[in-house]
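What follows is a set of notes on a single structure, which appears directly below.
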Amino acid sequence: MLMGKCPVCDGTSRSPLPASQQRWKTMLHGYDADTNTLPCQNCGGQTMRGQATGQVRLRCDGVPCTHEYQGRHAGRCYTIYTCLHCGDFYDIDSGD
């Protein structure tokens, strides 16, 4: 699997906190007050582990992917998300 630098965080694994989330920032998982950032939601921060890596799969044309995930229910509280462009996937089990 070929990987490239995440185009959303430019490989830093951190993304700026959106203005819409400023009021909740101290309650957000992974928030860093020194840099006012969150884990990148394109290269791993969106997964259950929440570990952004700064690396993403390459699309068929060789460009690092800005993911667009589509979810499908695979169980009562279990959802699998698959990128429409590169095939990357992750799952979320929210429990019962």
Each residue of region 63-70 in turn: what ³J(HN,Hα) in whole Hz from Karplus with 6.51, -1.76, 1.60 and θ = phi - 60°, glycine and Pro shown as x? 8, x, 7, 9, 5, 10, 8, 10
Computed FRET value (nearest 0.05) for Gln41 with Leu2, which takes r as the C-beta separation and R₀ as 35 Å: 0.95
In Å and from the alpha-carbon atoms only, list the Rg and Dmax of the chain. 14.3, 41
Using θ = phi - 60° and Karplus 6.51 cos²θ - 1.76 cosθ + 1.60, couplings along region 15-24 (whole Hz; Gly, Pro as x): 10, x, 6, x, 4, 5, 10, 4, 5, 9
Specify the residue with the greatest mean-square fluctuation among Gln55, Gln21, Gln70, computed from a Gaussian network of the chain linking alpha-carbon atoms under 10 Å apart. Gln21
Taking other Cβ within 10 Å of each residue's Cβ, how do Leu17, Leu28 sort, fewest first? Leu28, Leu17
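If each residue's Cβ is checked for other Cβ atoms within 10 Å, how do Asp88, Asp93 rank with the fewest at the top?
Asp93, Asp88
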Using label points projected 7 Å from each Cα along Cα→Cβ, tell me how many nm separate Asp34 and Tyr81, to one decimal. 2.7
State the extension gain, in nm to one decimal, for the chain segment bounded by Thr66 and Lys25, taking 0.36 nm per residue of separation less the distance between their alpha-carbons. 12.4 nm
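Computed from the coordinates by the stated procedures, all read-outs in this text should not be read as laboratory data. Keep in mind that this is a model prediction, so the values were computed, not measured. No Cβ is skipped: glycine too gets one built from the backbone with ideal geometry, and neighbour counts run over all protein chains shown.
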